[in-house]
Amino acid sequence: MPLSHRSDTSASQTALEVLGRPPPSTDGDAPRAPGAARGYVWGVDRLDYFAKLAADDPAEPRARYGYANELYRSERWADAVDELRAYLALAEDEGNAWGRLGDALARTGRVDEAADAYLAGIDQAEKFGHTGMADDFRAAIEAL
């Protein structure tokens, strides 16, 4: 069952079906299982959680973005690039994913591709009124 854009029972059921518990929280103050390291909430590895969601429904953009974000946070740059591109092929992003893609590409030495990602991010950020984000991407291009 794909993730739902609604906050109804179907979205909750999806998380419960995947792991038998609520989805991991991105809130740093969320309760954690005893001894759980960063990246674990309620004893669940966030990377594994989102990898499973993305594998179960590869056409679900939120699952792909969640997985890409966890790969990025884990500094798995090449994998993050692949997953961010998969997400961006499915959804119109407001700019954030383009910035992450640009950063991950830059960290893998792919400077020209990083600049292209930042330029796409500038276009999207401006389209959605995120002028500060667009300025950040311009600065990132200058720093390449």
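Bear in mind that the values in this text are calculations on the coordinates, not laboratory data. What you see is a predicted model, and the numbers here were worked out from it, not measured in a lab. Every residue, glycine among them, receives a Cβ derived from its backbone with ideal geometry; neighbour counts consider all protein chains shown.
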Exposure proxy check: Phe50, Phe128 ranked by fewest other beta carbons within 10 Å?
-> Phe128, Phe50
Stretchable slack from Ser74 to Glu92, in nm (0.36 nm times residue separation minus alpha-carbon distance) | 4.1 nm
For a footprinting-style exposure proxy, rank Arg100, Arg62, Arg107 by other Cβ within 10 Å, fewest first.
-> Arg107, Arg62, Arg100
Among Leu105, Leu144, Leu90, Leu47, what is the fewest-to-most ranking by other Cβ atoms within 10 Å?
-> Leu144, Leu90, Leu47, Leu105
